[in-house]
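What follows is a short report on a single structure.
Nothing in this text is a laboratory measurement; each read-out follows from the coordinates by a stated rule. What you see is a predicted model, and the numbers here were worked out from it, not measured in a lab. Reconstructed Cβ throughout: ideal geometry from the backbone, glycine too, with neighbour counts over all protein chains shown.
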Amino acid sequence: MSDTDVTPKALTLEIAKEKGWPPNIQAAFKRMSPASRYLGLEILDVDMKSLTVEVAFNATEELCNMWGGIQGGMVAAMLDDVMSFAVGLDLDWGQISPTLELKVSMLAPARPGRIYATGRVIKRGKSVGFIEGELKDAEGRLLATSSSTATFVTLKKKD
């Protein structure tokens with residue numbers, strides 16, 4: 001690639017490490033969850049200062065209902081995924097952030113193809129976090145919004 005080429009470089013674990021992205025993001029490059037892989041997740045950017053994550057989903061027809069739209073549960077799963085990455089940005093090593101509550105507002109039908117999502121932490125307390133998410137199509141049309149509450153759990157080390 002030449003210096004004048006503006007094509008973005010595909011993100012890799014090495015790039016995630018160079019950028020200083022936290023363990024939850026690096027883990028997705030090492031071994032993505034089966035659910036994220038099924039949804040077609042691709043991490044695009046992380047902003048540690050604003051606790052925001054941007055991703056794309058390469059949604060296939062396998063995610064669709066019988067009318068050709070992406071099934072609502074799959075839309076909710078995409079939003080849950082991006083919000084969980086966002087809330088995980090400042091977790092301590094050995095902590096996880098299970099979702100306690102999730103609300104999704106479907107604003108327009110989602111169709112197969114590239115779908116963009118943003119997740120951002122609104123407030124992080126000692127034991128819970130509040131997160132919001134948005135899903136947009138390739139033309140920038142807002143498809144769905146979400147809000148979530150997550151708790152913080154420290155896993156016990158195996159002896």
Which condition does GLN95 not pass, out of (1) touching a Leu at 6+ places or on another chain (Cβ under 8 Å); (2) farther than 16 Å from LEU143 by Cα; (3) without any contact (Cβ under 8 Å) to a residue 60 or more places away in the chain; (4) of a type outside the set (Gly, Ala, Ser), if it passes all the others?
(3)
Checked the range 46-62 for anything surrounded by fewer than 16 Cβ atoms within 10 Å (Cβ to Cβ), more than 17 Å from PHE85 (Cα to Cα) and hydrophobic (A, V, I, L, M, F, W, C); matches are none
Only listed residue being exposed (fewer than 15 other Cβ atoms within 10 Å of the Cβ) and part of a helix (DSSP H, G or I), chosen from GLY73, GLY68, GLY88
GLY73
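Does the range 12-45 hold any residues that are aliphatic (A, V, I, L, M) and either loosely packed, with under 15 Cβ neighbours inside 10 Å or without any contact (Cβ under 8 Å) to a residue 12 or more places away in the chain (or both), and which are they?
Going residue by residue through the range 12-45, those that are aliphatic (A, V, I, L, M) are 13, 15-16, 25, 27-28, 32, 35, 39, 41, 43-44.
Of everything in the range 12-45, those that are aliphatic (A, V, I, L, M) and either loosely packed, with under 15 Cβ neighbours inside 10 Å or without any contact (Cβ under 8 Å) to a residue 12 or more places away in the chain (or both) turn out to be LEU13, ILE15, ALA27, MET32, ALA35, LEU44.
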